[in-house]
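Participant: Structure in structure tokens, see below.
The values are calculated or read from the model by the stated rules, or taken from the named source; none is laboratory data. Since this is a predicted model, take the numbers as computed values, not measurements. With ideal geometry, Cβ positions are generated from the backbone for all residues, glycine too; neighbour counts draw on all protein chains shown.
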Amino acid sequence: MKRIMIAGTGSGCGKTTVTCAVLQALIDRGIRAASFKCGPDYIDPMFHRKVIGADSYNLDSYFCDDNTLIYLLDSGAGEISVIEGVMGFYDGLIGKGSSHEISQITDTPVIIVINARGMSESLGAVIKGFLTYKMPNNIKGFIFNRLAKSRVDFAIKLCEELGTEYLGRFPADNDFTIESRHLGLVTAGEIDDLKGKLARLAQAAEKFIRLDRIIELSDSPPLMFSEPNFGKEHKVRIGLSADEAFCSFYPENGDILKKMGAEIVPFSPLRDERLPENISGLILCGGYPELYGEMLSENASMRESVKNAMDIGLPCIAECGGFMYLHDEFQGMDGKYYRGAGVIKGRAYKTTKLANFGYSELTARDDNLLCKKGECFPVHEFHYFDSTDCGNDFISRKKGKAAEHECVHGNRSLWAGFPHLYFYSKPRIAENFLIACERYLLNG
């Protein structure tokens, strides 16, 4: 299986730009490329999807054991699989979740992207540091972002002296960057002329990056794993929010529900008048309702449809942005408050910093839609919003820290809160959701 990881020295070094450029160049060559993202990020895979025209998957060694991680990589593989790293190559949570760890588990060759702007001799220290900080590692070479043409020979010489490979550069040009905003990168749908920009990135990759050598380096041995057991089938229809306001949903979560027998029915809370017909479960995923507050509020028939369905016990998972939408009101990025579905009695409001950011483990205080009292599973949070009623049906704890806090509204038919779920971390929670949907279907 051909595979390569494009990692970086840290966030903002240009690895997403380089990854998209390499992916588009491979596609333009007629190569069936697949893409993956290390860690829990939603936004980078949106760009990958725009390039490859198919789902991009996450590889997260905090959420998944080694076998599951390899299974996900194998099941989504193309002629060549390009894996984008997360943060800096060695960054993780208490030794878990780093790009380095994932590259070791999957035996994947690694290219490190360095933002070379403003550096000279210090480039050598960065190269040497990444090559030697942790051994073993799979680092094969470096790409230098924002490297001036006059410094190319110097960078090549440094790589030769340090026993690694110069694999190209990206010039210091604003047209070769992807913008950021309050939750990281803007989404792929928000960039003007994205198709044209990707075409220019691919041209730059052909000109400035050693693509033929990267393809050679991607040759890797096959991986051994066992197929997960997904249990018996649950024949239910699940409504899934899917539009610009609700776009943060792991494709893997949909895949595992389908493997368990569910039919996924996408709908738009922005434009559709009501929930899809004959559904026995609902997922309101994360996204950016704060950017579409007026449209969501004005779609009163959809808000009423959601409220009425949940009042009669329709099983529902609502994560982050979906949780905000369930409130009586939620605040938009313009500072105004907009009407939500009225399921959660309170307001979701904007703050000035990330709240409870990162991985944590949730423990249930009582039996609920996803698990039994005392059971736990890992989650991830990434939001600048808070609520006057975050719920108190779970206890959230971060590994290595004594602090804990209450969160999530959980009962027999509802799981709603800011944390994001990843079903492959504990498939039983997905199965419990579908069992509740079957029960609703039988009793409905």
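Participant: Which residue pairs have Cβ atoms closer than 9 Å, lie 6 or more positions apart in sequence or on different chains, and pair a first residue in segment 274-291 that is over 23 Å from Ala348 (Cα atoms) with a second residue that is of a type in the set (Lys, Arg) and in a strand (DSSP E or B)?
Facilitator: Going by the 9 Å Cβ cut-off, the qualifying pairs are Pro276/Arg237; Glu277/Arg237; Asn278/Arg237; Ile279/Arg237; Ser280/Arg237; Gly281/Arg237.
Participant: Looking at segment 154-174, which of its residues are in a strand (DSSP E or B) and either in contact with a Leu (Cβ under 6 Å, 6 or more places away or on another chain) or modelled with pLDDT under 95 (or both)?
Facilitator: Within segment 154-174, Arg169, Phe170 meet the criteria.
Participant: Then there is this: Select, from Gly293, Gly342, Gly286, the only residue that is among the small types (Gly, Ala, Ser), under 28 Å from Leu441 (Cβ atoms) and under 26 Å from the mean Cα position of the chain (by Cα).
Facilitator: The match here is Gly286.
Participant: Where residues in segment 400-442 are surrounded by fewer than 17 Cβ atoms within 10 Å (Cβ to Cβ) and small (Gly, Ala, Ser), which of them is nearest to Asp65 (Cα to Cα)?
Facilitator: Filtering segment 400-442 for residues that are surrounded by fewer than 17 Cβ atoms within 10 Å (Cβ to Cβ) and small (Gly, Ala, Ser), the one nearest to Asp65 (Cα to Cα) comes out as Gly400.
Participant: Do you know which residues across segment 336-354 are surrounded by 15 or more Cβ atoms within 10 Å (Cβ to Cβ) and either charged (D, E, K, R) or over 20 Å from Val306 (Cβ atoms) (or both)?
Facilitator: Selection gives Arg339, Arg347, Tyr349, Lys350.
Participant: Among the residues that make up segment 36-56, is at least one of them in contact with a Phe, Trp or Tyr (Cβ under 9 Å, 6 or more places away or on another chain) and in a helix (DSSP H, G or I)?
Facilitator: Yes: one or more hits.
Participant: If you scan segment 324-351, which residues turn out to be assigned to a loop (DSSP other than H, G, I, E, B) and of a type outside the set (D, E, K, R)?
Facilitator: Correct list: Leu326, Gly332, Met333, Gly335, Gly340, Ala341, Gly342, Val343, Thr351.
Participant: Sticking with this structure for a sec: Output the residues belonging to segment 121-141 that are within 25 Å of Ala21 (Cβ to Cβ) and part of a loop (DSSP other than H, G, I, E, B).
Facilitator: Asn137, Asn138
Participant: Another question, if that's okay. Among the residues in segment 378-394, are any assigned to a loop (DSSP other than H, G, I, E, B), within 24 Å of the chain's Cα centre (by Cα), assigned by TED's automatic domain parsing to the domain that holds Ala300 and without any contact (Cβ under 8 Å) to a residue 60 or more places away in the chain?
Facilitator: Checked against the condition, which is being assigned to a loop (DSSP other than H, G, I, E, B), within 24 Å of the chain's Cα centre (by Cα), assigned by TED's automatic domain parsing to the domain that holds Ala300 and without any contact (Cβ under 8 Å) to a residue 60 or more places away in the chain, segment 378-394 yields at least one hit.
Participant: Which residue out of Arg117, Arg151 is of a type in the set (Lys, Arg), modelled with pLDDT under 95 and assigned to a loop (DSSP other than H, G, I, E, B)?
Facilitator: It is Arg117.
Participant: Return the pairs, sorted by first residue and then second, in which the second residue is among the basic types (Lys, Arg) and surrounded by 20 or more Cβ atoms within 10 Å (Cβ to Cβ), the first residue lies in segment 142-163 and is more than 21 Å from Thr16 (Cα to Cα), the beta carbons are less than 8 Å apart, and the residues are 6+ apart or on different chains.
Facilitator: Within 8 Å, the pairs are Val152/Arg169; Ala155/Arg169.
Participant: Hey, among the residues in segment 95-144 that are more than 23 Å from Arg169 (Cα to Cα) and touching a Leu at 6+ places or on another chain (Cβ under 8 Å), which one's surrounded by the most Cβ atoms within 10 Å (Cβ to Cβ)?
Facilitator: Ile102
Participant: Out of all the residues in segment 57-73, which are assigned to a helix (DSSP H, G or I) and among the charged types (D, E, K, R)?
Facilitator: The answer is Asp66, and nothing else.
Participant: Same structure again: If you go through segment 62-77 one residue at a time, do you hit one that is crowded, with 24+ Cβ neighbours inside 10 Å and hydroxyl-bearing (Ser, Thr, Tyr)?
Facilitator: Taking every residue of segment 62-77 in turn, none turns out to be crowded, with 24+ Cβ neighbours inside 10 Å and hydroxyl-bearing (Ser, Thr, Tyr).
Participant: Okay, next question. When you scan segment 217-227, how many residues do you find that are of a type outside the set (S, T, N, Q) and surrounded by 13 or more Cβ atoms within 10 Å (Cβ to Cβ)?
Facilitator: The total comes to 3.
Participant: (1) touching a Lys or Arg at 6+ places or on another chain (Cβ under 6 Å); (2) crowded, with 17+ Cβ neighbours inside 10 Å: which one isn't true of Asp366, the others all being true?
Facilitator: Going through (1) touching a Lys or Arg at 6+ places or on another chain (Cβ under 6 Å); (2) crowded, with 17+ Cβ neighbours inside 10 Å one by one, Asp366 breaks only (2).
Participant: Taking Asp212, is it more than 30 Å from the chain's Cα centre (by Cα), modelled with pLDDT of 95 or more, assigned to a helix (DSSP H, G or I) and surrounded by fewer than 13 Cβ atoms within 10 Å (Cβ to Cβ)?
Facilitator: Answer is no for this residue.
Participant: Then there is this: As an exercise: evaluate Ile43 against (1) at pLDDT below 95; (2) buried (at least 23 other Cβ atoms within 10 Å of the Cβ); (3) among the hydrophobic types (A, V, I, L, M, F, W, C) and give the number of the one condition it does not meet.
Facilitator: (2)
Participant: Quick check, is Ser122 over 28 Å from the mean Cα position of the chain (by Cα), polar (S, T, N, Q) and either modelled with pLDDT of 95 or more or not assigned by TED's automatic domain parsing to the domain that holds Met87 (or both)?
Facilitator: yes
Participant: Moving on. Restricting to segment 324-335, give me the number of residues that are under 21 Å from Tyr42 (Cα atoms) and surrounded by fewer than 17 Cβ atoms within 10 Å (Cβ to Cβ).
Facilitator: 1
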